[in-house]
């Protein structure tokens, strides 16, 4: 996956977890929880979906790296480079 | 008991396999319309069940729906509908003085089965076990989800009463209102049981799961050819208030809860006991200050099992042998056994009798079992009567729990 695919993958996961939220116009450098309604349980859902869909295991000490969209891209690029995008139906 | 405040039902919110509000549900009961349909669940395969078709997004956001349980969702729907029906705006109420009392048969089986199934896809690696499992399976979940949805801060919990749960929720509401613990109660019962394969498998293992080529004819209490229970989901929550509060706000009043009782067989895990059911009914009558001959409708618990129906009929025969006004009906013949919701939901189906003067029937009785041939049975067609003043609602459950609620047309 390239950068665009990773963003698409993250947005798809968030849409699954927080389906009432509008993700358009999000600033990729601002914490996602400040822009949409995401709580700590939702965050654990994101980590779970990364594990289920892509086999990526994010250790707890790295959770802070996933706070912003750009943080997600930077952190996940090495782990998702060889993976294929999987979108929810 | 006369010094205790009088307590009345002022709103009804329900979802049943044959109706998503009281008017639809009542119309189905008078029209003989079943809510049982073909159903498929993992491991069990093709079977039948009573399935509800309410729109959960009417009162719930998609995220809350995804995170919560089916029982929570049913509870949220019923609570909101009851408040609307009662004309109660909780923005104008002290939310700390509202109690939520939800009867359940069981809770957590659905969510646990789902998680075990999920981790089985990952070779039982528990890192795939959901962090939502605990809040979904705590026993107060259905009541707690209602508090989150309505921002109610008063006492909210479930009452585990097997298939008597729905009656227990209502009885507890009456008690808490009489004690002055709350000023408004949202109470009754819910069930998500059709989403656990275990309940189907267990009833099947007991030889107590109904089978019939036509799902709508599978639940047939009192009929000779009955062969077991149809499992259903559903919910019914009432708004319950002290009479003086309800009258002060000009509320519509469905009826007054004048009597109730709960007792235990203390004899068997599964098998019911007519003698203790008899005692439960008599104790509820005594609390209500009514003679057996003053009861107009008995809504029988009968689940369509060969043994259980006979036990209940023996209890009713003993109590109501000389009752000229008695009418006996059964709601499970239409909707199956909605478990924790049953007590509350089945009472709701009869409340309109005070206004329309009809007694809804027990359907699917083609050959009445002589052992179930008791006085006052209303079979297959609704019966128009002059006047209905009192309803006795029965709900019994496993481990020998018996419950009886008596609701009376408001007088005085």
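The values are calculated or read from the model by the stated rules, or taken from the named source; none is laboratory data. Please read these numbers as outputs of a predicted model, since none were measured by experiment. Don't worry about glycine lacking a Cβ; one is built from the backbone with ideal geometry, like all the others, and counts go over all protein chains shown.
Assorted remarks:
- Only one of B:392, B:410, B:383 that is surrounded by 24 or more Cβ atoms within 10 Å (Cβ to Cβ) and touching a strand residue (DSSP E or B) at 6+ places or on another chain (Cβ under 6 Å): B:392
- Enumeration of residues in segment B:127-153 that are within 14 Å of chain A (Cβ to nearest Cβ), under 30 Å from residue B:98 (Cβ atoms) and not in a helix (DSSP H, G or I): B:131, B:132
- Among residues of segment B:100-112 that are free of Cβ contacts under 8 Å to residues at least 60 places away in the same chain, those with a Cβ under 7 angstrom from a residue that is in a loop (DSSP other than H, G, I, E, B), sequence gap 6+ or separate chain, pair up as B:111/B:69.
- Qualifying residue in segment B:239-254 (condition: under 25 Å from residue B:107 (Cα atoms), surrounded by 24 or more Cβ atoms within 10 Å (Cβ to Cβ) and under 18 Å from the mean Cα position of the chain (by Cα)): yes
- Members of segment B:223-250 that are in a loop (DSSP other than H, G, I, E, B) and either out of contact with any strand residue (DSSP E or B) (no Cβ under 8 Å at 6 or more places or on another chain) or not assigned by TED's automatic domain parsing to the domain that holds residue B:182 (or both): B:225, B:226, B:227, B:249, B:250
- Yes/no for residue A:13 being surrounded by 19 or more Cβ atoms within 10 Å (Cβ to Cβ), out of contact with any strand residue (DSSP E or B) (no Cβ under 9 Å at 6 or more places or on another chain), more than 12 Å from chain B (Cβ to nearest Cβ) and not in a loop (DSSP other than H, G, I, E, B): yes
- Residues located in segment B:309-329, provided they are assigned to a helix (DSSP H, G or I) and either out of contact with any strand residue (DSSP E or B) (no Cβ under 8 Å at 6 or more places or on another chain) or surrounded by 23 or more Cβ atoms within 10 Å (Cβ to Cβ) (or both): B:309, B:310, B:311, B:312, B:313, B:314, B:315, B:316, B:317, B:318, B:319
- Qualifying residue in segment A:72-84 (condition: part of a loop (DSSP other than H, G, I, E, B) and either closer than 23 Å to residue B:119 by Cβ or in contact with a helix residue (DSSP H, G or I) (Cβ under 6 Å, 6 or more places away or on another chain) (or both)): yes
- Which listed residue, of B:169, B:189, B:160, B:165, is within 30 Å of residue B:258 (Cβ to Cβ) and surrounded by fewer than 22 Cβ atoms within 10 Å (Cβ to Cβ): B:160
- Reported count of residues in segment B:16-46, each being without any contact (Cβ under 8 Å) to a residue 24 or more places away in the chain and in contact with a helix residue (DSSP H, G or I) (Cβ under 8 Å, 6 or more places away or on another chain), is 1.
- Lone qualifier among B:112, B:147, B:153 - being over 26 Å from residue B:81 (Cβ atoms) and within 29 Å of the chain's Cα centre (by Cα): B:112
Quick grid of which residues meet (1) within 14 Å of the chain's Cα centre (by Cα); (2) more than 24 Å from residue B:208 (Cα to Cα):
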| residue | (1), (2) |
| --- | --- |
| B:355 | no, yes |
| B:371 | no, no |
| B:374 | no, no |
| B:377 | no, no |
| B:394 | yes, no |
| B:409 | no, yes |
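- Residue that is nearest to residue B:119 (Cα to Cα), among those in segment A:53-62 that are more than 9 Å from chain B (Cβ to nearest Cβ) and loosely packed, with under 14 Cβ neighbours inside 10 Å: A:55
- Across segment A:17-52, the number of residues qualifying as surrounded by fewer than 18 Cβ atoms within 10 Å (Cβ to Cβ), more than 8 Å from chain B (Cβ to nearest Cβ) and not in a loop (DSSP other than H, G, I, E, B) comes to 5.
- Per the conditions (1) part of a helix (DSSP H, G or I); (2) exposed (fewer than 15 other Cβ atoms within 10 Å of the Cβ), the sole criterion not satisfied by residue B:124 is (1).
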